[in-house]
Amino acid sequence: MVKLANAFTCTSCGAAHKKWAGRCDACGEWNCIIEEAPLSSGPAAKSLGASRGRAMALSDLSGHEAPPPRSQSGLGELDRVLGGGLVPASAILVGGDPGIGKSTLLLQAAARFACAGLKCIYISGEEASAQVRMRAQRLGLADAPVKLGAETNLRDILTTLEAERPQLAIIDSIQTMWADNVDSAPGSVAQVRAAAHELVTFAKRTGIAVILVGHVTKEGQIAGPRVVEHMVDTVLYFEGERGHQFRILRAVKNRFGPADEIGVFEMTGEGLSEVPNPSALFLSDRDTPAPGSVVFAGIEGTRPVLTEIQALVAPSPLGTPRRTVVGLDSGRLSTTLAVLEARCGIPFAGLDVFLNVAGGMKVTEPAADLAVAAALLSAREDIALPADTVIFGEISLSGALRPVGQTENRLKEAQKLGFTNAITPARGKTGDGAGLKLRQMADLTAFVGETFGAG
Ligand code: TYD
Ligand code: MG
């Protein structure tokens, strides 16, 4: 009999490797590859073509399909991120760092869904029922008709759910679940995959919506939520800085709604509260104009959100100056610095550059380029931009400014928050400009010349 060698698996992304390595080629994480027993230890299965299966019934693309029925929790931020509410038989993964507030969010969601008439079961593999009950009391949810269970054995959980037939089951967390037919420790890639697979198939078969909690893991022994991302219908990440009270729920995949949608929450003493108008929140600390600070009118999912981009530029004592970025892509910072240097003749050599998005937001849109360039120049020249101005636009490598999508929505949001001026790329579809005074620029050189009198 051939002895199967142990396989090496990345606990961050689940990629299989022939031998151990310090860094996973697939996802680039360090120290995440561990040795695991192979999934099937029997001889390779016979080719499927050897025995005949049943013929499937095929259907046409056309035909009337009603939109899926959705249940709303009443937590508007959560419902929107789900694409308008919870869809029956869907499998949802909620990932996030330990301690960020996933259990709090889901307990609040379960209570809301239960009060809205859904039968909800919350199964904790991490905390005893008494602990969950204590948290519910603290959150003022003790009267909500949610059923609790503390269990890690998947077979028992599935039997219970089968008998109880709830409409929503929450599994906190997938890393603590243990399927007794898989021969490895809870938290290993094989266990997490098997448990997620069982739960997802169970959801599809019974019509129960299942929410899985997944901790983002830093050390390599426990599998992370990315391992099951491809199995579920919806992937939400709950993000935020530990020191900040803001939490952002972000849809990165959604088979039942738009991806990239965000919901904003604030962690308070009484749990998470919704922040229906995030722009006001992210800008609330702004009073007098300061050099290096610029307001960017961005779009998050379907919503315009204003954020403050802050830059600090200082002479560097180091041979290789620092480039530190929080909340933005460091590659785009390098590109913007290179364009400023090559097209406008403004060097940043010998200068440390720090770039930050206020309030713990993350900005991924290329439309932030012009705001980043403006913040960098404002910090470098020590000239503050007027506090009543919003900026957006994409910078191309030639230094030209490219128009961005949803220009009118960005301007309307700015107008709603009391801004009176906007700097935008020329040729953008501005409509009537939402009553803002627009300064439209064709390229970066014109922007630098007009705003900072240089270039
Ligand atoms: P938790 O939901 O347990 O995080 P996770 O499930 O993602 O690991 O949240 C833990 C943190 O939230 C903890 O540090 C305390 C804080 N918290 C509050 O600030 N207010 C509250 O009302 C609750 C319940 C928790
Ligand atoms: Mg938890």
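The values are calculated or read from the model by the stated rules, or taken from the named source; none is laboratory data. Small disclaimer: the values here were computed from a predicted structure and weren't measured. Here the Cβ is made from the backbone with ideal geometry for all residues, glycine too, and neighbour counts use every protein chain on show. The area values use the complete protein model at the heavy-atom level, side chains included, leaving out ligands, DNA and RNA. Shrake-Rupley method; radii C 1.70, N 1.55, O 1.52, S 1.80 Å.
Quick look at the numbers
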read-out: Listed pairs LYS102/LYS253; LYS102/LYS362; LYS102/LYS416; LYS119/LYS253; LYS253/LYS416 exceeding 22 Å between Cα atoms; value: LYS102/LYS416; LYS119/LYS253; LYS253/LYS416
read-out: Mean separation of Cα contacts under 8 Å (6+ apart) over length of segment 371-431, as relative contact order %; value: 37 percent
read-out: Distance from segment 229-258 to segment 393-419 (C-alpha centre basis), Å; value: 25 Å
read-out: Heavy atoms of ARG70: accessible area, 1.4 Å probe, square angstrom to 10; value: 70 Å²
read-out: Spatial separation of Cα centroids for segment 138-206 and segment 346-382, in angstrom; value: 45 Å
read-out: Mean separation of Cα contacts under 8 Å, 6 or more apart, over the residue count of segment 281-452: relative contact order %; value: 25 percent
read-out: Rounded to 5, the percent of DSSP beta bridges in the chain classed as antiparallel; value: 50 percent
read-out: Charge dipole (the chain, unit charges on Cβ, about Cα centre) - positive-most of ALA387, ILE34, SER293; value: ILE34
read-out: Gained length - ASN421 relative to GLU162, 0.36 nm times residue gap less alpha-carbon distance; value: 87.3 nm
read-out: Rounded percent of accessible protein surface that carbon and sulfur make up, segment 281-387, 1.4 Å probe; value: 54 percent
read-out: Probe 1.4 Å, protein heavy atoms only - accessible area per residue of segment 287-341 in square angstrom; value: 44 Å²
read-out: Relative contact order [Cα under 8 Å, 6+ residues apart], the chain, whole percent; value: 12 percent
read-out: Rounded to the nearest 20 debye, dipole of the chain from Cβ charges on Lys, Arg, Asp, Glu; value: 980 debye
read-out: Per-residue ³J(HN,Hα) for segment 412-427, Karplus 6.51 cos²θ - 1.76 cosθ + 1.60, θ = phi - 60°, Hz, x for Gly and Pro; value: 4, 4, 4, 5, 4, 9, x, 7, 10, 10, 9, 10, 9, x, 5, 6
read-out: Largest-first principal axis extents, alpha carbons of segment 76-276, Å; value: 45, 35, 32
read-out: Helical mean residue ellipticity (222 nm; -39500 (n - 2.57) per DSSP H run of 4+; nearest 500) of the chain; value: -7500 deg cm²/dmol
read-out: Helix axis angle, 330-344 relative to the chain longest principal axis, alpha carbon, degrees; value: 20 degrees
read-out: Rounded FRET efficiency, nearest 0.05, which uses the C-beta distance separating ASN181 from SER396 and R0 of 56 Å; value: 0.55
read-out: Cut-off under 5 Å, modelled amide H: who pairs with MET441 long-range; value: THR424, ALA426
read-out: Whichever aspartates and glutamates have a C-alpha closer than 19 Å to that of LYS147, once near sequence neighbours (fewer than 8 apart) are set aside; value: GLU126, GLU127, ASP156, GLU162, GLU164, ASP172
read-out: Angle in degrees between helix 129-138 and the longest Cα principal axis of the chain, rounded to the nearest 10; value: 40 degrees
read-out: Between helix 154-164 and the chain: long-axis angle, C-alpha atoms, 0 to 90°, nearest 10; value: 90 degrees
